[in-house]
Amino acid sequence: MDAILQTEDLCVEYRTRGLKAEFKPALQELNLSVHAGEVFGFLGPNGAGKTTTINVLLGFIPPTRGTAYLFGIDVRQPIARQRIGYLPEMTYYYKFLTVEELLRFYAKIFKLPSADAERRIDYLLKLVELEPVRKRLIKTYSKGMQQRVGIAQALINNPDLLVLDEPTSGLDPLGRMKVREIIQRLKNDGKTVFFSSHELGEVETVCDRVAIINQGELKTLGRVDELVARHGANLEKVFLDIVGYQSQPAL
Amino acid sequence: MNTVWALTGIVIKELYRRKDFYVLFVLTALITLAAGSVEFFKDPNIVRYVKDLCMLLIWVSALLITIATAARQIPAERESRTIFPLLAKPVTRGQVILGKFFGCWLASGTALAVFYLFFAVITGSREQHWPVLDYLQAYLLQWIMLGIVTAMTLLGSIVFAAPSSTVTILFIVVAGILFLGRHLNTVALHNPEPLRGIIYTVYFIIPHVELFDVRERVVNDWGLVNWLDCGLAALYAAAYTALFLLLTWLAFRRKSLN
């Protein structure tokens, strides 16, 4: 099966500040393959290298060594991002625009014909339940509403691959449920979803496969059901075992 | 080009929504007041002086608006992190720079047009004299010059850490070139080597924005500059603008955004 997202020996090193500058590895020879139609969970504790990996995949930072491909195209080429949607962890949108104007702007970037773009905008605003406030400036929205703006902008080009960076972080239970429903719907539509998350219960529910990284190194990769069966525990226990967590003795 | 124009539209919409253009109305009111007092003085020397003052105000205001607007474009995108969802789409960093450039340049051109329009209408109605072509030529030359300033500022905004330092440095540099640029070759002649060589090098490297300053001609009614010379000046400006945009792209294209 062809990989939609692939990394080959991907390494990223950061230069430390100060007189004696050193190179600190953030990712070490990461090899990943995500196939069409699967929901892939990318897990790891804080500072493990999840966001760094996503940053390389989206071309925000160049890899120190190795390569990454989206749909077989090197991620350093902007065209590699033509068929992807990206939802960042926080709401980073032009707050002086209305949601309608923002989506129209992104539709122009994807060169969607005007009529198709308007139809798509109407559909997405209904999907994320922002239709009644489409003419209001984004800065007046609540956090949950702004996160839904993020979902709408990530889907504007009807992407084949959706990259979600901790999509439910900071959302209330209703908001989380909504995101989970959308991921499930995308999965049913045959789309590929790659997402990083700390919500292990959620990952266990929606993901087909997961990769767990720690300190920039890939620790394990496999089907969720197989990992759970192999360790005889739920995904949270598997995760804690793999990252080497040891509970503190009782005081 | 679709992407570049989409980005240009966002820059202009932001300026409009952030109410930055309201500063324009205050400056316009000042120019109107000053220009409106032309007839009051009767003495031709004072009239010329007041008109000169208005033109200076137009130049300073246009420079301030252009530099302040361009200096914050890319740093603000990075600070508010709106650059992330933008670059996660099939957009190159070169397109971002071009979009920002055209947005700022068009916005400064619009502001400048408002300044000149008010100046022309007020002085024209007072003096019953309408040198429309002179004003149009002065406007076009100044707008072309603002293209160089916009590109220089975008480069500064990548190199310097904060927009405030970019604004200060760029305003000093541009004002310095405007006032001293034309005298550098004379200064060089009065200095020994190797200082002479250094000053000459600076003289030939800097963009001579003072070439686009035809305020004296407008104020004293000296007539139009040859349009062919204006065309050559436009080519000169285009070359410098392209050079600064290229340098901006080189500085920005491999910059880590995390």
**Prompt:** How many residues, within the range A:44-59, are in a loop (DSSP other than H, G, I, E, B) and within 11 Å of another protein chain (Cβ to nearest Cβ)?
**Reply:** 2
**Prompt:** So which of A:LYS126, A:LYS139, A:LYS135 is in a helix (DSSP H, G or I) and within 14 Å of chain B (Cβ to nearest Cβ)?
**Reply:** A:LYS139
**Message:** Looking at (1) over 22 Å from A:ASP160 (Cα atoms); (2) part of a strand (DSSP E or B); (3) not charged (D, E, K, R), which one does A:LEU5 not meet, given that it meets all the others?
**Reply:** (1)
**Prompt:** Regarding B:LEU170, is this residue part of a helix (DSSP H, G or I) and more than 15 Å from B:VAL209 (Cα to Cα)?
**Reply:** no
**Request:** Only one of these is under 29 Å from A:PHE105 (Cα atoms), among the acidic types (Asp, Glu) and in a helix (DSSP H, G or I): A:GLU202, A:GLU181, A:GLU236. Name it.
**Result:** A:GLU181
**Complete:** The residue from A:LEU155, A:LEU171 that alone is more than 25 Å from A:ALA26 (Cα to Cα), in contact with a helix residue (DSSP H, G or I) (Cβ under 7 Å, 6 or more places away or on another chain) and modelled with pLDDT under 90 is A:LEU171
**Item:** Count of residues meeting criterion [surrounded by 15 or more Cβ atoms within 10 Å (Cβ to Cβ) and under 20 Å from B:MET145 (Cβ atoms)] in the range B:169-201
**Value:** 9
**Asked** Can you tell me which residues in the range B:209-226 are over 16 Å from B:ASP52 (Cα atoms) and without any contact (Cβ under 8 Å) to a residue 12 or more places away in the chain?
**Response** B:ASN226
**Prompt:** What is the residue count in the range A:60-81 for residues that are on the phi < 0 side of the Ramachandran plot and not in a loop (DSSP other than H, G, I, E, B)?
**Reply:** 11
**Pick from the range B:30-83, criterion surrounded by fewer than 21 Cβ atoms within 10 Å (Cβ to Cβ), of a type in the set (A, V, I, L, M) and closer than 18 Å to B:PHE212 by Cα, ranking: farthest from the chain's Cα centre (by Cα)** = B:LEU53
**Asked** So A:PRO62 clears everything in (1) touching a Leu at 6+ places or on another chain (Cβ under 8 Å); (2) at the interface with chain B (Cβ under 9 Å from one of its Cβ atoms); (3) touching a residue at least 12 places away in the same chain (Cβ under 8 Å) except one condition, right? Which one?
**Response** (1)
**Request:** Go over the candidates B:LEU15, B:LEU24 one by one and state the one that is in a helix (DSSP H, G or I), within 14 Å of chain A (Cβ to nearest Cβ), crowded, with 16+ Cβ neighbours inside 10 Å and touching a helix residue (DSSP H, G or I) at 6+ places or on another chain (Cβ under 9 Å).
**Result:** B:LEU15
**Fill in**
Within the range B:1-12, restricting to residues that are buried (at least 16 other Cβ atoms within 10 Å of the Cβ), of a type outside the set (A, V, I, L, M, F, W, C) and touching a helix residue (DSSP H, G or I) at 6+ places or on another chain (Cβ under 7 Å), the one that is nearest to the other protein chains (Cβ to nearest Cβ) is B:THR3
**Message:** Just to be sure before I move on: is A:GLU236 more than 23 Å from A:GLY85 (Cβ to Cβ) and either out of contact with any Leu (no Cβ under 9 Å at 6 or more places or on another chain) or surrounded by fewer than 21 Cβ atoms within 10 Å (Cβ to Cβ) (or both) in the structure I sent?
**Reply:** yes
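The values are calculated or read from the model by the stated rules, or taken from the named source; none is laboratory data. In this text the structure is predicted, and so the values were computed from the model without any measurement. No Cβ is skipped: glycine too gets one built from the backbone with ideal geometry, and neighbour counts run over all protein chains shown.
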